[in-house]
Amino acid sequence: EIQMERLGGIFGATAANGDTVCLSGDLGAGKTVFSRGFLRSASGDARMRVTSPTYLLDNAYDGRDGLPGDLVVHHMDLYRLAGDVGDAYVLDLDRTLAECCCLVEWPDRLEKEPTAALGVEIRLDG
């Protein structure tokens, strides 16, 4: 878990609006741990509270959470989406992906995965 959080931190150190990281992998593989490292690094706060947005679909973080400048990070967990276009409508994905930095868990739940996104596949050993 520590290594996964560190890896996320490497990516988070250069976070910018317009960046998208799609996180794929098994349940419990470490997608949210990666996201926690990403956000803690981006904010410079090693104790920042980062929780899974499974039931909310999207947790947004900004300057009030310690992120620098105008950086806004959306941490999305799309596991509960059924793949229906209407399910994702509430997330305003076109605008959010264009204007904010996004961490997208379970991107395969979308009708179409974001273009120009960095894909990270996380697998459990054993």
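The values are calculated or read from the model by the stated rules, or taken from the named source; none is laboratory data. What you see is a predicted model; the values in this text were computed from it and never measured. Reconstructed Cβ throughout: ideal geometry from the backbone, glycine too, with neighbour counts over all protein chains shown. The area values use the complete protein model at the heavy-atom level, side chains included, leaving out ligands, DNA and RNA. Shrake-Rupley method; radii C 1.70, N 1.55, O 1.52, S 1.80 Å.
Data overview
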read-out: Within the chain, helix-based [θ] at 222 nm, where runs of 4 or more DSSP H residues each add -39,500 (n - 2.57), nearest 500; value: -8000 deg cm²/dmol
read-out: Simple Cβ-charge dipole of segment 1-79, Lys/Arg +1 and Asp/Glu -1, about Cα centre, in debye nearest 20; value: 220
read-out: For residue 103, distant residues with modelled amide H under 5 Å away; value: 21, 74, 75, 76
read-out: Per residue accessible area in Å² of the chain, where ligands, DNA and RNA are left out and the probe is 1.4 Å; value: 57
read-out: Karplus (6.51, -1.76, 1.60) ³J(HN,Hα), θ = phi - 60°, over segment 88-99, in Hz, Gly and Pro reported as x; value: 8, 4, 4, 7, 6, 4, 4, 5, 4, 5, 6, 9
read-out: Charge sum, other residues only, whose C-beta stays under 12 Å from residue 26's C-beta, Lys/Arg counted +1 and Asp/Glu -1; value: -1
read-out: Cα-derived Rg to Rh of segment 16-110, Kirkwood definition; value: 0.95
read-out: GNM result for the chain, Cα springs below 10 Å: residue of 92, 58, 45 fluctuating most strongly; value: 92
read-out: Cα→Cβ-extended label distance, 7 Å offset, between residue 92 and residue 47, nm; value: 3.3
